[in-house]
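The structure under discussion appears below in the form of structure tokens.
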Amino acid sequence: MAVGLNQGIQIMRNARALWIRKTLILVPILLLAAILVGCKAPSSTKTDENNAMETLSIEQVVSITIGDEGNRVRLFVVNDSIVQTFLPAPAGTFSADAFVIQDVLSGKALEANTGSEPDKASVLLSPLNDANAQKWFFEPSGDGYYFLRNADSGLMLGVADASTGRGANVRQHQSDGSNAQKWQVVYSKEETCLLVSALGYVLSVSERTGANSEAITVDVATNSDAQRLRVTPAKRPSLTGDSWLDEQIENIAMVHNYDLWSCYTYVAYLPYVKGPEYPQGDWTVQFAREMIVDGCGNCYCFAALFCLLARQLGYDAKAISGEVLTQSEGWAAHGWTEIIIDGETYICDLTMFVGLPGLDWFLVTYDDAPMYYRYA
């Protein structure tokens, strides 16, 4: 018993000594922190329209250098340049739609020269029109950048000869996945943005706006009007002829990041109810609308809704009314979606994905499908 008591006393003594040592170390640290907080740099506070408070240093602000990875972050005198502008990127990504890129100075649009030899042809400024040469697709590269593909030529916006020098021309090229064809969207003031090349410079236009067909170049970041662009969705024909349904389809696609698989699983897990079989005529729009309004439907409704979502994402899709061969009933009425990719026809069967899980029902050919299909 005495041995146990002595051990307990010794443990308490050791703990007390440890507490004293930690206190002697911690107190000076806390005092130093209090001094530093009390001696912070003078600041000014401004309030925006939503009463959100933003505190900025009067003397110096954080500044970065746009270029390769590993650049140091330093403090510099406030100069309102782009390297001292830090804005959060908006939620979501660019949709599968084409976009028009307009110069703030002139209102003109970036247009791909699609003459006799469009590859390596310059990208020009031209008055805004509805031509496909002024429409660009923003395609994610997977590392924070975008490839900009022209809707007319199918070529990519890129820095000529992968030049890292100031004043290099911006042209259209065959896709090669290089940094010369990668662009980062940096948001600026008044709902505009800069296009920053992965090679380090910013897409720039001449501040002389009188002449058409001015060549586009890259230059150091200045955040001037010569570098600010306004990116807006290009006009597109109605997907369904029903403006309300068009909006619903776009909203669903946007929520699911314009990803075909995500849209597929979203529709597949909606509630199933039996309904009329072997629909006649052009039934896709009607059944898709019923699926959205009711929140449920039969296999034709599933096929129709997913078909329109696939079309919204740019796929060649069709809702099919046909039959599948079952063990219990023989040939049975059924609806599914076909998608054609590079000339190959693929099946996307949404109700079977949930009804018979564990099998491949997404983008599978008729030859490889788990069941036999035939048109009605």
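The values are calculated or read from the model by the stated rules, or taken from the named source; none is laboratory data. These numbers were taken from a predicted model, which means no experiment stands behind them. Please note: Cβ atoms are built from the backbone with ideal geometry, for glycine as well, and neighbour counts cover all protein chains shown.
Could you tell me whether Thr232 is at pLDDT 85 or above, surrounded by fewer than 19 Cβ atoms within 10 Å (Cβ to Cβ) and among the hydroxyl-bearing types (Ser, Thr, Tyr)? Spelling it out, Thr232 is indeed at pLDDT 85 or above, surrounded by fewer than 19 Cβ atoms within 10 Å (Cβ to Cβ) and among the hydroxyl-bearing types (Ser, Thr, Tyr).
Scanning the range 235-249 for residues that are modelled with pLDDT of 90 or more and surrounded by 15 or more Cβ atoms within 10 Å (Cβ to Cβ), we see that the one that is nearest to Ser106 (Cα to Cα) is Asp246. Looking across the range 279-294 at every residue that is under 26 Å from Asp97 (Cβ atoms) and either charged (D, E, K, R) or outside the structural domain of Phe353 (by TED's automatic domain parsing) (or both), the one that is modelled with the lowest pLDDT is identified as Asp282.
For the range 295-329, a residue qualifies if it is assigned to a strand (DSSP E or B), within 19 Å of Gly355 (Cβ to Cβ) and at pLDDT 95 or above, and the qualifying residues are Gly297, Ala319, Ile320, Ser321, Gly322, Glu323, Val324, Leu325.
Looking at this structure, is Leu157 in contact with a strand residue (DSSP E or B) (Cβ under 6 Å, 6 or more places away or on another chain) and part of a strand (DSSP E or B)? Taking the combined requirement at face value, the residue satisfies it.
Against the criterion of being touching a Phe, Trp or Tyr at 6+ places or on another chain (Cβ under 6 Å), touching a residue at least 12 places away in the same chain (Cβ under 8 Å), hydroxyl-bearing (Ser, Thr, Tyr) and closer than 21 Å to Leu308 by Cα, Thr345 does not qualify. Residues in the range 260-278: is at least one assigned to a loop (DSSP other than H, G, I, E, B), farther than 22 Å from Glu323 by Cα and either touching an Asp or Glu at 6+ places or on another chain (Cβ under 8 Å) or at pLDDT 95 or above (or both)? So far as the range 260-278 goes, no, none of its residues is assigned to a loop (DSSP other than H, G, I, E, B), farther than 22 Å from Glu323 by Cα and either touching an Asp or Glu at 6+ places or on another chain (Cβ under 8 Å) or at pLDDT 95 or above (or both). Tell me which residues, restricted to the range 251-288, are touching a Ser or Thr at 6+ places or on another chain (Cβ under 8 Å) and not polar (S, T, N, Q). Matches in the range 251-288: Ala253, Met254, His256, Tyr258, Ala268, Tyr272, Tyr278, Pro279, Trp283, Val285, Ala288. Of all residues in the range 136-152, none satisfies being among the polar types (S, T, N, Q), surrounded by fewer than 13 Cβ atoms within 10 Å (Cβ to Cβ) and either modelled with pLDDT under 90 or not in a loop (DSSP other than H, G, I, E, B) (or both). Checked against the criterion of being in contact with a helix residue (DSSP H, G or I) (Cβ under 9 Å, 6 or more places away or on another chain), surrounded by fewer than 14 Cβ atoms within 10 Å (Cβ to Cβ) and not small (Gly, Ala, Ser), the candidates Asp316, Asp349 yield just one match: Asp316. Checked across the range 285-294, the condition of being loosely packed, with under 14 Cβ neighbours inside 10 Å, in a helix (DSSP H, G or I) and out of contact with any Leu (no Cβ under 8 Å at 6 or more places or on another chain) holds for at least one residue. Among the residues here, Ala253 does not qualify as in the same structural domain as Leu356 (by TED's automatic domain parsing), buried (at least 18 other Cβ atoms within 10 Å of the Cβ), under 24 Å from Val364 (Cβ atoms) and at pLDDT 95 or above.
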